[in-house]
Every structure is written in structure tokens, then in C-alpha cells.
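Down below is the structure, laid out as C-alpha cells.
The values are calculated or read from the model by the stated rules, or taken from the named source; none is laboratory data. Computed from a predicted model, the values in this text were never measured in an experiment. Glycine also receives a Cβ, built like all others from the backbone with ideal geometry; neighbour counts cover every protein chain displayed. We work out accessible area using only protein heavy atoms, side chains counted, and drop any ligands, DNA or RNA first. Shrake-Rupley method; radii C 1.70, N 1.55, O 1.52, S 1.80 Å.
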Amino acid sequence: MKRISTFIMVLACTFVSAQNINDVLRYSTENIQGTARFQSMSGAFGALGGDLSSLNVNPAGSAVFNHSQFTVSGSNYNRSSDAFFGNSFRNTDINSLELNQVGGVFVFKSSDSPWKKLALAFNYDLVQNFDDEFVVSGNTTQGIDNYFLNFAQGQALGPLRVQQGEFIEDAYLDIGSNIGFGAQQAFLGFQAGIIEPTADEDTNTSYFSNAQYSNVNQEYLQSTTGYNSKFTVNFAGQYQENLYLGASLNFHTVLYDRLTLLDENGYDTDSPVQFTTFDNLLHTEGYGFSFSLGGIAKLNDNIRVGGSYQSPTWYELTDDTSQRINSTLAEQDIDFINFSIVNLFEEYRIKTPSKLTGSVAVVFGKDGLLSFDYGYQDMSQAELRPTTDPNFVSENDFIAAQLGVVNTYRLGGEYRIDEVSLRAGYRYESSPYENGDIVGDLNGYSGGIGYNFGGSRLDLAVNRTEQDINTLLFDAGINSSAMINRINTNVTLGYTLKF
């Protein structure tokens with residue numbers, strides 16, 4: 001008689017080196033999202049303001065508004081991933097539709113104070129859309145057995161056995177809770193028959209692979225969904241005629257899911273293992289807080305300069321994971337370890353680096369404008385916390401050694417013909433890695449059009465970015481990776497109403 005007791009089991013589990021440099025980079029990056037006007041000029045708004053999404057660059061921008069207004073924007077996100085693995089190539093293309101921005105600003109004018117205007121703004125931006133997918137397939141000399149051997153060597157055999165009267169899924173959760181993630185992965189490899197102990201004693205600590213091959217066929221899919229959103233509360237003012245000052249409080253919400261599926265075959269004909277499947281599901285959620293300060297100064301009727309400071313973002317996050325595995329030699333009950341069996345981990349924190357932005361803009365009266373922003377962010381200052389955690393100490397040292405300064409350049413322009421505005425922009429962002437072969441530089445182009453109805457405005461933007469990313473399929477035991485050429489194309493429609 002099989003289980004009727006539990007379908008979902010959740011236990012605390014020690015996660016050895018689970019959070020790593022990839023998590024830090026994921027939550028340190030904010031894409032050019034927001035209003036259609038902002039996107040069409042590649043986000044070059046640091047010295048301009050007058051747009052709700054410009055508050056992400058410089059919080060003084062809300063004081064530039066002459067009228068109270070409300071803006072809402074929706075985007076279609078297209079992600080095209082060209083994946084190169086060995087000698088093979090696969091393309092994956094996905095689309096998603098999101099309400100990515102909504103917000104409003106209230107402007108209060110004064111005629112008898114040096115503070116000519118005060119502005120209070122509220123804005124929601126989807127600063128990062130995690131919806132993405134890529135598939136690779138091909139031959140490799142590194143099978144999944146290396147992943148399990150990496151964790152198994154040095155682990156005693158005794159705890160990797162299912163005890164008398166114990167269900168296999170209970171043993172899986174128990175070993176994760178009491179010994180750790182590494183032992184849990186060794187347990188999976190042993191119970192699936194992929195690895196074998198060199199001796200049958202409980203004290204044995206060495207293992208070998210049951211998979212025999214010179215190379216294997218792998219098909220690997222990674223699918224991610226979720227978002228990083230920001231709700232901004234902003235206050236700014238115009239002092240005299242030429243100075244704008246502002247501050248923002250930013251409240252972040254994170255939801256991230258990553259599914260990976262691996263199918264492996266093509267072993268030698270006499271290999272005891274002839275197929276292996278290994279799937280993983282990660283769910284992350286949490287929240288964060290940051291603040292920003294900024295100023296804009298009019299040097300004359302045509303030239304404006306701006307500067308801003310964006311604080312670190314302090315995230316509080318929790319992870320839970322589920323796994324499933326099968327192979328030719330797997331135990332009969334192996335299917336009871338599935339996505340219903342959940343490992344819940346203790347809360348952890350990430351501190352992303354602060355960012356400085358300098359900006360200059362030239363305004364040609366009512367005919368148009370040109371704007372340039374430069375951003376500086378030292379990614380080596382990112383941290384996993386608590387820093388006293390021994391696992392985080394080594395990972396933070398690795399982050400400091402691998403990551404460097406990210407330089408961002410944004411250029412945008414707008415040309416007005418009566419009620420029509422034509423816009424274009426360019427964005428360059430250097431690799432966060434000292435070694436640009438891991439993550440390449442990002443290049444982006446944008447364009448758009450707007451029509452002013454007087455009391456309202458309709459805007460359309462197209463924003464395209466391209467970047468190469470060298471992605472490891474697994475974080476341990478296997479060095480094989482896929483080179484992903486990722487092209488993101490956003491089409492955004494926005495509507496603004498003045499009141």
C-alpha cells in the first residue's frame with residue numbers, strides 16, 4: 001500500500017552555496033521599461049524630467065511637470081534566444097503582454113514663494129520582466145553523472161540509504177534538512193542508480209558512475225517567468241527658475257520562477273544506464289527597498305544638467321525548490337520525489353550596488369531636444385547577506401573578484417512637428433564581469449512617435465536590446481555551457497491624460 005499521507009511536504013533545508021553571483025546580477029539589473037516616451041529615447045531623461053519613468057533616473061524630474069497628469073503604458077515583450085551548444089544551434093521565441101507602467105503626478109504651483117512648484121508623484125514600473133526561454137541540444141563529453149559525483153565524493157553512504165519503513169520522499173527531505181543540499185543531491189544520484197559506492201559499508205565516502213560513455217546526447221530547456229517591479233513615492237520641487245530637487249522612496253516586489261528540464265541518452269551500448277532525466281524548479285519571492293536623490297539645473301534657456309544618486313537596493317528573499325529524477329537503474333519509488341515535494345529555505349538578503357548618474361540635455365525650444373546620460377555602478381560591491389554566513393563569505397569574495405564597474409551610456413532625441421513628436425535613442429551598457437566572455441556588452445536601439453491632443457497624448461515606442469550570455473547549464477560538477485544571443489524587443493503603447 002502506497003502513500004496516502006502527504007502530497008506536499010515543506011521543511012527547512014540548509015542550502016549550501018545555493019544563492020550565488022547569478023542571483024546578485026538578476027536583481028541588480030533594471031531594464032529600460034516604463035512609459036513609451038521614456039523607452040523610445042532609451043531612458044535618457046536624467047536632465048529632462050517631465051516623464052513619470054524619468055523618476056527611475058532622477059527623482060527631481062517630477063518638478064519639471066507643468067500640469068498634473070496620469071500615464072498608463074502596456075508592452076508586448078518579445079524574447080528571441082539563439083542558443084549555441086557544441087556544434088548545434090536552436091532558436092526560441094516567446095511573447096508576453098504586460099501592463100508595465102501606471103502612475104500620476106500632482107503639481108502645486110506658488111506665486112509668492114521661492115519654491116515655484118511642488119510635485120508629489122506615485123508610479124509603478126515593471127523594471128524587469130523575467131519571462132524567457134531557451135533550448136539546447138547536442139553532444140557533450142560531460143554527462144549529468146559528474147554533477148552527482150561532485151556532491152557525493154566525501155559523503156558517507158549511510159545517510160544516502162532509505163531507512164526501514166521510511167518513504168523515499170521523506171528521506172530526501174530529511175537529508176536536505178539535516179545534512180544539506182550537497183548530500184541531498186548525492187542522495188538523488190544514488191537512488192537514481194547514476195552513481196554507485198565503491199564499497200557497501202555505511203562509512204564509504206567514494207563513488208563511481210554507472211554511466212559509461214565517451215560522449216552523450218543532452219537536451220536542456222530553461223524557462224523563466226516573473227518580474228521585478230518598483231512602486232515609487234516621489235516628492236520634488238522647483239526652486240526659483242532654474243533648480244529642481246527631488247527624492248524618491250522605492251518599494252520593490254520580486255517574483256521569479258525557473259524551470260530546467262534535462263534529458264540525457266546516447267551512452268555506450270553496454271552502459272548500465274541508458275537514459276537519465278533530471279528536472280529542477282526554483283521559486284523565489286520577496287521584496288526590497290531603495291531611495292534616490294537628484295537635482296536638475298537650467299544653465300540657460302537651452303542647456304540643462306542633472307545628477308542623481310540611487311542607493312543600494314536591500315532585498316529580503318526566500319527560495320523554495322523541487323526536483324525530480326529518473327534513469328534506467330532508478331529505485332521503483334523514485335517518482336515520489338517530484339515537484340510536489342518542496343524544500344523551503346531560510347530567508348536571505350541581497351544588497352545591490354548604488355548607482356551614480358550624470359546627465360546633460362540641450363533643448364531647442366519647442367522644436368525638440370537631445371539628451372545624454374552616463375551611469376556608474378560598481379557591481380563588485382554587491383553582497384549576499386548575512387555576510388557572517390560562511391557560504392556567503394566565499395561567494396562574496398568570488399563576486400568581488402569576478403564583477404567590475406558597469407558603465408552605462410544613453411542618448412535620446414525628440415523632434416516635434418506641430419502635434420507630432422518623433423523620437424529615437426541608443427543605449428550601451430558594459431558587461432558587469434571583468435571577463436566580458438561570460439556576459440557581453442549590451443547594445444540597444446529605440447524609436448517612437450507621439451501625438452499631442454492638447455489635454456492628452458498617445459505614444460508608441462519600439463525598444464530593442466541585444467546581448468551575449470555564456471550560461472552554465474549546472475552550477476557544479478559540469479563545465480558545459482551554452483552561448484545565448486538574447487534579443488529583447490518591446491513594443492509599448494502609452495496614454496497620458498493631463499488634469
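Overview of values
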quantity	calculated
Quarter of Cα convex hull surface for the stretch 130-171, i.e. mean projection, nm²	6.0 nm²
Rounded Å value of the spacing that divides the Cα centres of the stretch 84-139 and the stretch 333-353	27 Å
Globularity ratio of the stretch 383-499, using Cα Rg and 2.2 N^0.38 Å	1.55
Relative intensity, log₁₀ I(q)/I(0), of the stretch 18-123 from a Debye sum that treats every alpha carbon as a point, q = 0.15 Å⁻¹	-0.79
Taking the C-alpha atoms of the stretch 69-213, convex hull volume expressed per residue in Å³	240 Å³
In the stretch 409-494, the chymotrypsin sites (Phe, Trp or Tyr not before Pro) that fall in loop regions by DSSP, at most 16 other Cβ within 10 Å	Phe453
Carbon/sulfur fraction of accessible area - the chain, other protein chains in place, 1.4 Å, %	54 percent
Fully extended contour minus Cα-Cα distance, from Tyr451 to Tyr409, at 0.36 nm per residue	12.4 nm
Between the stretch 212-242 and the stretch 169-201, the alpha-carbon center distance in angstrom	34 Å
Positive dipole terminus of the chain, leading residue within Ser248, Val363, Asn463 (C-beta point charges)	Val363
Extreme residue, positive dipole direction of the stretch 211-327, given options Gln323, Asn234, Thr260 (C-beta unit charges)	Asn234
Kirkwood Rh in Å, taken over the stretch 203-310 so that all alpha-carbon pairs contribute	19.7 Å
Kirkwood-based shape ratio for the stretch 195-264, expressed as Rg/Rh from alpha carbons	1.48
Values of log10 I(q)/I(0), in the order q = 0.16 Å⁻¹, for the stretch 137-253 under a Debye, Cα-only, solvent-free model	-0.85
All-pairs alpha carbon distance profile, the stretch 305-415, 10 Å steps from 0, percent	12, 23, 20, 19, 14, 8, 3, 1
Projected label distance in nm at Asn91 and Glu133, using a 7 Å step from Cα toward the beta-carbon	1.6 nm
Sequence ranges 129-141, 162-174, 62-74, 386-398, ranked by mean other-Cβ count within 10 angstrom, highest first	62-74, 129-141, 162-174, 386-398
Accessible area in square angstrom per residue, the chain, 1.4 angstrom probe	42 Å²
For the stretch 374-448, average projected area of the Cα convex hull in nm²	6.7 nm²
Proximal charge balance of Asn217 [Cβ under 10 Å; K/R count +1, D/E count -1]	-3
Options Gln310, Asn215, Phe106, ranked by Cα towards positive dipole end of the chain, top entry (Cβ charges)	Phe106
Helix-only [θ]222 nm of the chain, DSSP H runs n ≥ 4, -39500 (n - 2.57) each, per residue, nearest 500	-3000 deg cm²/dmol
Computed FRET value (nearest 0.05) for Ala400 with Glu285, which takes r as the C-beta separation and R₀ as 41 Å	0.90
Those lysines that a straight Cα-Cα span of less than 23 Å connects to Lys109, excepting residues fewer than 8 apart in one chain	Lys117, Lys298, Lys366, Lys498
Assigned charges on the beta-carbon of Lys, Arg, Asp, Glu; the chain dipole about Cα centre (debye)	2840 debye
